[in-house]
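The values are calculated or read from the model by the stated rules, or taken from the named source; none is laboratory data. All values reported here derive from a predicted model rather than from experimental measurement. Positions of Cβ are generated from backbone atoms using ideal geometry, with glycine treated the same way; all protein chains shown enter the neighbour counts. Quick note on the areas: whole protein, heavy atoms, side chains included, nothing else; ligands and nucleic acids left out. Shrake-Rupley method; radii C 1.70, N 1.55, O 1.52, S 1.80 Å.
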Amino acid sequence: MLTISQVSERTGLTPYTLRYYEKIGVLKGPSRREGGARAYSESEVSYIQCLTNLKKIGLSLEEITEFTREGCVMEKIQLGEDPTKYTQTLNKRTEILSKYLMDLEAKQQELEHMISLTKEKLSGYFELSKESNEVPI
């Protein structure tokens, strides 16, 4: 079992954020030690890393809560549960991720354009500085 500080180090989320996610229901409260300190399992850490990845792609906390309502559906199906039991959940997750994939692809195109423009500018500046450094003999 891991402390909140150890989970914070492994996930990049602050202890405050972990407690906040627990408070608003994005994250289920972990078990507690005798003194009341939170104790996280490896599976809870994996789940928190999944939440972090969903946040990184741009999902709001409300969307993450909706997205994770049924828990780790892929894992449940891999362990033998009937996939048709999760059809609605899978469709909702597909809808959410498809929307964000389109947003990410648009951002990628914008970044590629900005990279291209920056490379053109750098090339021009290198040429100009090379010409200004050439001293006639």
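Working note: Karplus 6.51/-1.76/1.60 with θ = phi - 60° gives the stretch 37-49 the couplings 5, 5, 10, 9, 8, 4, 5, 5, 5, 4, 5, 5, 5 Hz, where Gly and Pro are set to x. With only the Cα atoms considered, the stretch 1-68 has a convex hull volume of 77 Å³ per residue. Relative to the longest principal axis of the Cα atoms of the chain, the long axis of helix 15-24 lies at roughly 60 degrees.
In order along the stretch 77-90, the phi-based Karplus estimate (6.51 cos²θ - 1.76 cosθ + 1.60, θ = phi - 60°) of 3J(HN,Hα) comes to 5, 4, 8, x, 6, 5, x, 5, 5, 10, 3, 4, 5, 4 Hz; Gly and Pro are listed as x.
Applying 1/(1 + (r/R0)^6) with R0 = 35 Å to the Cβ-Cβ distance of LYS23 and LYS99 gives a FRET efficiency near 0.85.
For the chain, the 222 nm mean residue ellipticity estimated from helices alone, with every DSSP H stretch of n ≥ 4 adding -39500 (n - 2.57) and the total spread over all residues, rounds to -22500 deg cm²/dmol. Note on the chain: the alpha carbon radius of gyration divided by the globular reference 2.2 N^0.38 Å gives 1.65. Under 18 Å of direct C-alpha separation, and excluding same-chain neighbours fewer than eight residues apart, LYS28 reaches these aspartates and glutamates: GLU42, GLU44, GLU62, GLU63, GLU66, GLU70, GLU75. The mean accessible area for residues of the chain, using a 1.4 Å probe and ignoring ligands and nucleic acids, is 74 Å² per residue.
In angstrom, the C-alpha Rg and Dmax of the stretch 35-83 are 13.0, 41. Taking the protein heavy atoms of the chain in the context of the full set of protein chains, the accessible area attributed to carbon and sulfur is 56 percent at 1.4 Å.
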